[in-house]
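Each value in this text was obtained by applying a stated rule to the coordinates, not by laboratory testing. It should be emphasised that the depicted structure is a prediction, and the values quoted were computed from it without experimental measurement. Note that each Cβ is placed from the backbone with ideal geometry, even for glycine, and that neighbours are counted across all protein chains shown.
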Amino acid sequence: MKRAYVTAQENGVKITFSGAVQKQNVVEMVERCQTDQCDCMSDESKCQRDTGSHV
């Protein structure tokens, strides 16, 4: 099973893949992350990123 590992960096995130991926899959992953539709962040982290607070 192919997996993507996301690690927070000082100036963004580092994405490491366990196998080959298509460019469109990476684009879709980034778009989901930008709109808080990704699975790599907790709801609390998403809220803090957007508003500086949490629910």
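Odds and ends about this structure:
- Extension gain, Ala20-Gln34: 0.36 nm per intervening residue step, less the Cα-Cα distance, totals 2.8 nm.
- Listed peptides 25-38, 6-19 by packing density, highest first (mean Cβ within 10 Å): 25-38, 6-19
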